[in-house]
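Asker: Can you keep this structure in mind? I'll have questions shortly.
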Amino acid sequence: QKEVEQNSGPLSVPEGAIASLNCTYSDRGSQSFFWYRQYSGKSPELIMSIYSNGDKEDGRFTAQLNKASQYVSLLIRDSQPSDSATYLCAVNMKGGADGLTFGKGTHLIIQP
Amino acid sequence: DAGVIQSPRHEVTEMGQEVTLRCKPISGHDYLFWYRQTMMRGLELLIYFNNNVPIDDSGMPEDRFSAKMPNASFSTLKIQPSEPRDSAVYFCASSFWGATEAFFGQGTRLTVV
């Protein structure tokens, strides 16, 4: 069974601090990795994608990928209350044309 | 572009009834995905299409579930007969390059009583 694992949380972080979200995946052949943000009652929204080892930065967000360790992370700098949401890690385990396998998500709470 | 459009947004039905969920993908996207989200199981891929052709339906839980894509701008997910355990939020998503950069619709919250 190919899996994506995340700590469900809640993860509580003070406003202005760095929030660190982690994800592991089981299929070593996985090709593409994504972070989605989902507010309560809303649909998942893509915020980051990463395809190669290392870091990828976009504004306050940094995605980190380590294929050898089968590990993906998302860092949110200068956390804001509006960042409070569930963050879903998603993995394309076959590459090319295939649906994404999602983790169950980490619930992040930014405390003002 | 209006994004992925799903209808209805909410559906309440009685056990045993037929339910049809609808999806209009983003124009130009050639992949369409149906997902189901529950608290217990998270987001699960049910089926996906490429150029209107079903590619992988291994996630469809039972024969009571069926999906069609008669043209590039419309897809349906049908449950017949519906059961209370089908209660979930059903999302449709579309993408341009397979599973990369998938964009989700607003979802249909289905309640079977």
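Asker: Name the residues in region A:57-66 that are open to solvent by less than 80 Å² (accessible area, probe 1.4 Å) and of a type in the set (D, E, K, R), would you? Even if it seems obvious, please write down each step before you answer.
Answerer: Here is the first cut: in region A:57-66, the ones open to solvent by less than 80 Å² (accessible area, probe 1.4 Å) are A:59-66.
Within region A:57-66, A:R60 is the sole residue that qualifies.
Asker: Please enumerate the residues belonging to region A:12-55 that are of a type in the set (A, V, I, L, M), over 12 Å from A:A90 (Cβ atoms) and either surrounded by fewer than 12 Cβ atoms within 10 Å (Cβ to Cβ) or under 13 Å from the mean Cα position of the chain (by Cα) (or both).
Answerer: Restricting attention to region A:12-55, the residues satisfying the condition of being of a type in the set (A, V, I, L, M) are A:13, A:17-19, A:21, A:46-48, A:50.
Next cut, over 12 Å from A:A90 (Cβ atoms) only: A:13, A:17-19, A:21.
Those that are of a type in the set (A, V, I, L, M), over 12 Å from A:A90 (Cβ atoms) and either surrounded by fewer than 12 Cβ atoms within 10 Å (Cβ to Cβ) or under 13 Å from the mean Cα position of the chain (by Cα) (or both): A:A19, A:L21.
Asker: To continue, here is another question. Within region A:75-82, is there a residue that is more than 12 Å from chain B (Cβ to nearest Cβ), out of contact with any Pro (no Cβ under 6 Å at 6 or more places or on another chain) and in a strand (DSSP E or B)? Reasoning before the result, please.
Answerer: First, the residues of region A:75-82 that are more than 12 Å from chain B (Cβ to nearest Cβ): A:75-82.
Right, trim to out of contact with any Pro (no Cβ under 6 Å at 6 or more places or on another chain) and you get A:75-80, A:82.
Of the ones still in play, those that are also in a strand (DSSP E or B) are A:75-76.
The answer is yes, given that some residue of region A:75-82 is more than 12 Å from chain B (Cβ to nearest Cβ), out of contact with any Pro (no Cβ under 6 Å at 6 or more places or on another chain) and in a strand (DSSP E or B).
Okay, residues lined up against (1) in contact (Cβ under 8 Å) with a residue 12 or more places away in the chain; (2) within 14 Å of chain B (Cβ to nearest Cβ):
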site	(1), (2)
A:E57	no, no
A:T62	yes, no
A:L65	yes, no
A:G105	yes, yes
A:I109	yes, no
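Asker: I'd like to check something: does region B:72-94 contain any residue that is on the phi > 0 side of the Ramachandran plot and at pLDDT below 95?
Answerer: For region B:72-94, residues on the phi > 0 side of the Ramachandran plot and at pLDDT below 95: absent.
Asker: Which condition number in (1) surrounded by 14 or more Cβ atoms within 10 Å (Cβ to Cβ); (2) in contact (Cβ under 8 Å) with a residue 60 or more places away in the chain; (3) not β-branched (V, I, T) is the one that A:D78 fails?
Answerer: So A:D78 meets the others, but not (1).
Asker: Here's a follow-up. From the residues in region A:80-104 that are over 15 Å from the mean Cα position of the chain (by Cα) and small (G, A, S), which one is nearest to A:E5 (Cα to Cα)?
Answerer: First, pick out the residues of region A:80-104 that are over 15 Å from the mean Cα position of the chain (by Cα): A:80-82, A:93-99.
If we keep only those that are small (G, A, S) as well, we get A:82, A:95-97, A:99.
Numbers: A:S82: 24, A:G95: 19, A:G96: 22, A:A97: 22, A:G99: 17 Å.
So the residue we want is A:G99.
Asker: Do we find that A:S69 is in a loop (DSSP other than H, G, I, E, B), at negative phi, surrounded by fewer than 19 Cβ atoms within 10 Å (Cβ to Cβ) and more than 15 Å from the chain's Cα centre (by Cα) in this structure? First the steps, then the outcome.
Answerer: Values: in a loop (DSSP other than H, G, I, E, B): yes; at negative phi: yes; surrounded by fewer than 19 Cβ atoms within 10 Å (Cβ to Cβ): yes; more than 15 Å from the chain's Cα centre (by Cα): yes.
Yes.
The values are calculated or read from the model by the stated rules, or taken from the named source; none is laboratory data. It should be emphasised that the depicted structure is a prediction, and the values quoted were computed from it without experimental measurement. Because the Cβ atoms are built from the backbone with ideal geometry, glycine has one as well, and the counts that use them run over all protein chains shown. Protein only, heavy atoms only, side chains kept; ligands, DNA and RNA dropped before computing areas. Shrake-Rupley method; radii C 1.70, N 1.55, O 1.52, S 1.80 Å.
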